[in-house]
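Notes for the one structure printed next.
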Amino acid sequence: MHTTQLALLALLAGIVIGASISAVIVVSLRARDRARAETSLDIPDGVREVLHGMDDAAVVVDASSTVLAASAAAVPFELIEGRALPSDELRAVARGVRNSDSTATETLRLRRGAPPAEPRLVVVRASRISPRLTLLVLRDITERERVEEMRRDFVANTSHELKTPVGAVSLLAEAIESAADDPPQVRIFAARLSAEASRLALLTSRIMNLSRLQASDELTQQDVSVDEVVASALDAHAIQADSAGVEVVRGGSRGVYVRGDAQVLSEAVGNLIANAIAYSPRGSSVGIGVKAAEGIVEIAVTDRGIGIAEGDQDRVFERFYRADPARARRTGGSGLGLSIVKHAVQRHGGEVRLWSRPGRGSTFTIRLPQIEAPAADSSPKRGRKKKRPTAGATSRPLSTNGDPA
């Protein structure tokens, strides 16, 4: 064989051998990298940064369900770096994804915080990062489900509440038609028909007011005098107080202001006054006190009525809830008054507190942020001066539109 051919053959053999060796090395390196990846607990670059920027709770866990990285929102669920997953359900979700090499979504109830913290409804989405690392993202849907449940209950309760006066109006109309030849009976039925129509109109008005307060529309924002709010609420319930034989007394601080909608606040205070009058015995008194301290204005309405059982105190602000259904039927209560109070105060950045003991009465306190009195309020006003009652003097309102909750 020619020398040149031998050289070419040797070169070709060298290339084949070199390529084979290179292939073996590449395969070995890939196998080594694969083995390292399968056993590595190193978190890929950028994962921690993504977790820290998430609003939802999210964690990366290893094969032993130990948390290696966590977002800030995960801490309340006790998902802390270096600790194992606190829930058997979470561990099962992570294990299932790691074994199946796919994503999974489960809805669980997990406790957020130490007992007796309320369990939260959470949607857990699990994804595999590597054979030994799993990403868990937890989205708290408790409030969303609660709002949806409230919406369903609201629709059902509204339908039920409207059926009663609508059915009564229909029956009374038929009764009037049947008693056309009996004027006294017609007058009786007409009076009852008018009462049911008024109840229906009030219920409809309160449902609309509550819907408006729960909507996202902004309320009118202006400087509101608490004195005017209380005076308006007292004036609106004087006839109710006189009819019930209940004395209404106003006391406390004067000249304090809040920011908000005067009409909405007057209705909220009026609802508390209406309830206090309705649940107070004849001959007793209802007190309305105003206190301003540390930037907070408190408007407290106190009665000496039947009180509210401890088991009912957490529910009295629910729509259509009545602690005493029998009394509510006698007084024509809609069960919406306190719910309107709660939402009205919340829309003004405040809160409502309740103290009550059965047989000793109740105190509802509206707490609102205080603002400085407008400069114009301190200037002298021309015209006829009105005598202002002193603190603790009995208020004498003029008209009413109240309805106990």
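The values are calculated or read from the model by the stated rules, or taken from the named source; none is laboratory data. Computed from a predicted structure; not experimentally measured. Reconstructed Cβ throughout: ideal geometry from the backbone, glycine too, with neighbour counts over all protein chains shown.
For the stretch 129-161, a tally of residues being modelled with pLDDT of 70 or more, assigned to a helix (DSSP H, G or I) and hydrophobic (A, V, I, L, M, F, W, C) returns 1.
For the stretch 293-308, the set of residues classified as closer than 18 Å to residue 229 by Cβ and crowded, with 19+ Cβ neighbours inside 10 Å consists of 297, 298, 299, 300, 301, 302, listed by residue number. The criterion of being at pLDDT 90 or above and either of a type in the set (D, E, K, R) or under 29 Å from residue 294 (Cα atoms) (or both) does not hold for residue 246. Answer yes or no as to whether residue 232 is of a type in the set (S, T, N, Q) and either modelled with pLDDT under 80 or more than 17 Å from residue 264 (Cβ to Cβ) (or both). So residue 232 does not fit the description; no.
Inclusion of residue 201 among residues that are within 30 Å of residue 318 (Cα to Cα) and modelled with pLDDT under 75 is warranted.
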